[in-house]
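> Before I ask anything, here is the structure I am working with.
The values are calculated or read from the model by the stated rules, or taken from the named source; none is laboratory data. Here the structure is a predicted model, which means the values were calculated and not measured. Note: ideal-geometry Cβ built from the backbone for every residue, glycine included; neighbour counts use all protein chains shown. In case anyone asks, the SASA skips ligands and DNA or RNA and just uses the protein heavy atoms, side chains included. Shrake-Rupley method; radii C 1.70, N 1.55, O 1.52, S 1.80 Å.
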Amino acid sequence: MLGLQYFSFNDLWSPLILALFLLVAAAYLVLVGPFSERIKGADQATVAQKMMFITGLTVLYLAQAGPFNLLGHVMFSFHMVSMALSYLVAPPLLMKGLPLWIWRGIIRWLPTRQLSFLAHPIVAAVLFNGLFSLYHLPVVHDYVMLNFTVHRLYYIVLFITSMLMWWTLLNPLPEGRQASGLSKIGFIFLNMVLLTPACGLIIFASEPLYATYSNPAVWAEAMRYCVSGDSTALLRSFGGPAFFNFLSSAKEDQQVGGILMKFIQEGIFVSMLAYVFFQWYRKEKREDDDDPYPVENTGGPLNPAAK
């Protein structure tokens, strides 16, 4: 299926990285479970938190080291799905999966006074969407895909900026500065707008933009970082990425990738919009219910005293 049968288990699942993710998952479950009883002020994570964190780890692994990583080197559409999973799906799940006491420990460890400006909503939105858009300029994308160290560093920076972007919407610390419901709505729309030019460039391009997915020699060079053995053997066996592309052309694959990215982003942020509206409404209703000085009716037929 999708040509995966032509690749080895190591190519598809990256066993060393899989082992690392399993260790992180095990360490998390011990830390938020039995070990938390030894820490003053620490509460065990709820079942929902554990499920979200493990799901986030699984999504991140599949996108960065599992089959989606390999497919993302073969077809641009899968590359965009991998990007969406890595930076729009995994971060909020991981963030919601960490108990408050862990977040407080992280904040104490970080130089927050010096770096707090990075979490400012506009700065965070511009940083993430700007780096994402810059990465998808053809010359930048092909360079990053062909240089392993730059590739890893760029992806780490993208992940950090995506976490900063999500912080405005999901800040778990009640003592921290919380954005208002209206600010969150504006922030969501800002992110939806900022990513549109990059997706538009990809969708409406008149020709394939990326040599990584259209030039067999460049593709084989990029594949060195996700397959074992001599990647030039892929050229002898398959001739290039077109062998695996079930769409009609590299241009169509590129257009589908841009559309998928935009649809996934829109779906996630529209869901967040509904969540913010609900939370905002519930907060306003709770404040109205707690108001110790409700407005009294001073006359009229509905006031018994007026009769």
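> In the stretch 32-49, what count of residues is obtained for those that are open to solvent by 60 Å² or more (accessible area, probe 1.4 Å), in a helix (DSSP H, G or I) and touching a residue at least 12 places away in the same chain (Cβ under 8 Å)?
So the answer is 0.
> Name the residues in the stretch 1-31 that are surrounded by fewer than 16 Cβ atoms within 10 Å (Cβ to Cβ), in contact (Cβ under 8 Å) with a residue 60 or more places away in the chain and hydrophobic (A, V, I, L, M, F, W, C), would you?
Across the stretch 1-31, the qualifying residues are Leu2, Leu4.
> Determine whether the stretch 2-20 contains at least one residue that is of a type in the set (D, E, K, R) and over 17 Å from Tyr225 (Cβ atoms).
Looking through the stretch 2-20, none of the residues is of a type in the set (D, E, K, R) and over 17 Å from Tyr225 (Cβ atoms).
> Please specify each residue of the stretch 154-177 satisfying the condition of being open to solvent by 40 Å² or more (accessible area, probe 1.4 Å) and not in a helix (DSSP H, G or I).
Residues satisfying the conditions are Pro174, Glu175, Arg177.
> Moving on. Can you name every residue in the stretch 135-153 that is open to solvent by 40 Å² or more (accessible area, probe 1.4 Å), without any contact (Cβ under 8 Å) to a residue 60 or more places away in the chain and in contact with a helix residue (DSSP H, G or I) (Cβ under 6 Å, 6 or more places away or on another chain)?
Passing the criteria: only Val150.
> So which helices (runs of 4 or more DSSP H) stay within the stretch 178-295 end to end and still have 3 or more residues that are open to solvent by 60 Å² or more (accessible area, probe 1.4 Å) and under 30 Å from Ser116 (Cβ atoms)?
Of the helices (runs of 4 or more DSSP H) lying wholly inside the stretch 178-295, those with at least 3 residues that are open to solvent by 60 Å² or more (accessible area, probe 1.4 Å) and under 30 Å from Ser116 (Cβ atoms) span 181-194, 250-290.
> If only one of Gly66, Gly56 is open to solvent by less than 50 Å² (accessible area, probe 1.4 Å) and over 24 Å from Val218 (Cα atoms), which one is it?
So the residue among Gly66, Gly56 that is open to solvent by less than 50 Å² (accessible area, probe 1.4 Å) and over 24 Å from Val218 (Cα atoms) is Gly56.
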